[in-house]
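The values are calculated or read from the model by the stated rules, or taken from the named source; none is laboratory data. No experiment lies behind these values; they were computed from the predicted model shown. So basically every Cβ, Gly included, is an ideal-geometry build from the backbone, and we count neighbours across all protein chains shown. Ligands, DNA and RNA are stripped out before the accessible areas are found, and what is left, the full protein with its side chains, is counted by its heavy atoms. Shrake-Rupley method; radii C 1.70, N 1.55, O 1.52, S 1.80 Å.
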Amino acid sequence: MSRGATTRALTWAILLVLSATLFGSSAGAGYAAPGDPADPPGVVGGDVLSWPALGLQSTVELYGRARTPVTVPLPSGMTASRLRGTIGMPENITAGYLEIDDGDGKFLASVDLSAAATAQAATPFDVDISAARVQGSSINLSFVIRVRDIADLACAPLQRLTLSDLTTEFTGTHSPVTTIATFFPSVLGKVTIYAAADANSAEQQAVLTLVSTLARIYAPRPLPISVVSQPRGALPPPALGMDRAVVVETGQPGLTVENPGAPDAYLRVSGDGDQLSAQVSLLTTELQPLAQVATARVAQAGSDVVKRGDTLTFGELSVSGQATFFETSTFEIGADRASLGPRFDGVRVHLLADYTPVHSGESATVMIRSNNVIVHRGTLDGTGRLDATFDLDSQILDQRYINLQFTLTDTPAQDCSPLVAPMTFQIDPRSTLTMHRGGGPLGGFTAFPSEFSPKFVVALDGSSPDQLSYAADIVSVVSRLTKTPLTPQVVGLQAAADGTSGALIVATSEAIKQTSLNPPISGEGPMVKFGLPTELHVNMDGGLGSIQAFADPQKNRSVILVTTTGDWNLVGPLFSYVVGSDRNWVGLTGDVLAAGAAGTPTNVSIRETSDMMEPQPSSGGSGSWLKYGLIGGGVLAAIAVLAVILGLRRPKPVEVEE
């Protein structure tokens, strides 16, 4: 570890200790409570859903005369009746209107932009879209700007319009659940999975496999998934409307919709041993819509995952990109690292693209960045074909995504003419990524999900009845970050510690002490040990709860550890924060999210990781240190000395996204 990294980690460890010991239980928790703005986006009111709740962006950007298509999923048994949102101040539009059509080009509604063009603030709109043709379980909408003043349109600057805070109102009645095919429709409220309080490893594995599958399938929508323990054989409470209840328990193999057609219908997933997880493969392969019956049994588990080599085409990865523009344009393409197979430390990109040929007297350029580092630049010519090869080394590679950002420019021979046509640039799906396999295990939170792909082990030491729920929350947030199926396997604690597979371990620090694991933070009771180059030992009342993500070089794998040196209640605020918003997990840097008796989640780096950076500063949320006025002058002086000597910005408790 470099000297700078060492001093940075030491400072963070000291400040984390001060946060935990000084504030005590008198300081309010800084995580999201139910109903806080950080809760997953959902029902706005009645049968009105925000676009993020439907897995869509809440904002749509419109440019020029180009149409912007959007597919809106429909709750089962319902149709879309109204579209609401806010229009930002139009740019370069003095007279015109917003036109909304369906996927067939049929006119649905229009919004006059004259008032918005003169307004100083955003303008709300509310239109009827009930005439849109339903296609399967969705409708297609398209948005386009219509300009009334067409004088000298070719020379006018590009029009731009922003639609935000989009919501859709639905009408109809939720369809009753009668078959396995209809149990998980395209739009869900929340899913509650019930497992026996004394669930065995096969039941736990089936629960986690189901959580991983649902989180992946419904991404990018943050589907709320909770795991609840109940007495074996108990019936689940009714799940109404768009919510669903699932019971996972040992029994005759199969998937059964119990009480089909009734308000208290639920799905029972049963089996014994490996047969139990095998039933979930009907969902993992996304073939559930074909099971149009109330009961089905998977006799042999299947998988649609194809083993891939070291070279993959953009087409295989479903990576595409296109821009049609005047003067300049930017766009980004990428693939999640977990979809690219076993670990690698370098990528060779062979990029193919077609574009409008550039004629004599004109000029056009392309610049490509990856992680804000320029990896290719060149001029576009009369061939209309780009064929470029460049490398992304380990210093450029992101631990979660392989991304390419394009900047295109076009300077036509005539500055302004009705005959000037836009340039089109399109990525060829035959472009390839070739991975150089190898490299050491990745450390820190950004190492996941790639270090869990395609299989990982899970171990629970049984010291808390909520451990399966903790594991499920981690599996859920990690699985949402990739389209590659992640397969958990539940094993014993010692097997997980001694194995070579990526591991998710939920155990007390006392239990971890009996293994070969070397996490960034360890300890027992009030004694907490920080794994700096020279280990720091601190005695703090109540101990510390933490979620840690670290490399295990001896086993050539990476580990996520959920642990506590004290009571398991210490990790509660951490999970309230993590499940509050997907962006809370994605935004974690370093290798530790921890909380002491104050219950304030704090993100720090104890060991050097490739994403090493200081935590993002709080903007004055409830977790901000200086709000409490509980620190004595001596401690304030010590913090001031640290800041002066090390010249480092102190970490602050993470702030729940608003």
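Accessible surface ranking for K555, K106, 1.4 angstrom probe, highest first: K106, K555.
Label zone of N569 (point 7 Å out along Cα→Cβ, amide N under 20 Å): in region 520-557 this covers 524-528, 540-547. Overall dimensions of region 548-600, expressed as equivalent-ellipsoid semi-axes from the Cα gyration tensor (√(5λ), whole Å, largest first), are 21, 16, 8. Cα-based values for region 218-265, radius of gyration first and Dmax second, are 12.5, 34 Å. Between region 188-250 and region 324-372, what is the separation of their alpha carbon centroids in Å? What the calculation gives is 41 Å, centre to centre. Compute the Rg/Rh shape ratio of region 329-409: radius of gyration over Kirkwood radius, all on alpha-carbon atoms. Computed over Cα atoms, the ratio is 1.03. Taking every alpha-carbon pair under 8 Å whose residues sit at least 6 apart, region 238-319 reaches a relative contact order of 25 percent. Note on K106: aspartates and glutamates with a C-alpha under 18 Å away, same-chain residues under 8 apart excluded, are D128. The listed residues I100, I396 rank as I396, I100 when sorted by accessible area, largest first, using a 1.4 Å probe. Normalised by 2.2 N^0.38 Å, where N counts its residues, the alpha-carbon radius of gyration of region 293-361 equals 1.80.
Within the full protein context, the accessible area of E316 is estimated at about 90 Å² for a probe radius of 1.4 Å. Placing pseudo-labels 7 Å out from each Cα toward the beta carbon at A219 and T424 gives an inter-label distance of 3.2 nm.
Take W568: with every protein chain present and a 1.4 Å probe, its accessible area is about 30 Å². In this structure K455 has an accessible area near 140 Å², from a 1.4 Å probe over the protein heavy atoms.
Label-to-label distance for D272 and T118 is 7.9 nm, based on points extended 7 Å past Cα in the beta-carbon direction. Inter-label distance, K106 to R82: 2.1 nm, where each label sits 7 Å from its Cα along the C-beta direction. Sorting Y577, Y97 by accessible area puts them as Y97, Y577; the probe is 1.4 Å, largest comes first, and only protein heavy atoms count. Our estimate of slack between V48 and L290, defined as 0.36 nm per intervening residue step minus the Cα-Cα distance, is 84.2 nm. In the structure shown, the pairs K483/K555; K513/K555; K190/K307; K190/K483 are assessed against 23 Å; a Cα-Cα span above that value is assigned to K483/K555; K190/K307.
Solvent-accessible area of region 265-381 (1.4 angstrom probe, protein heavy atoms only): carbon and sulfur portion equals 49 percent. With Cα atoms defining each centre, region 450-517 and region 522-568 are spaced 16 Å apart in the structure.
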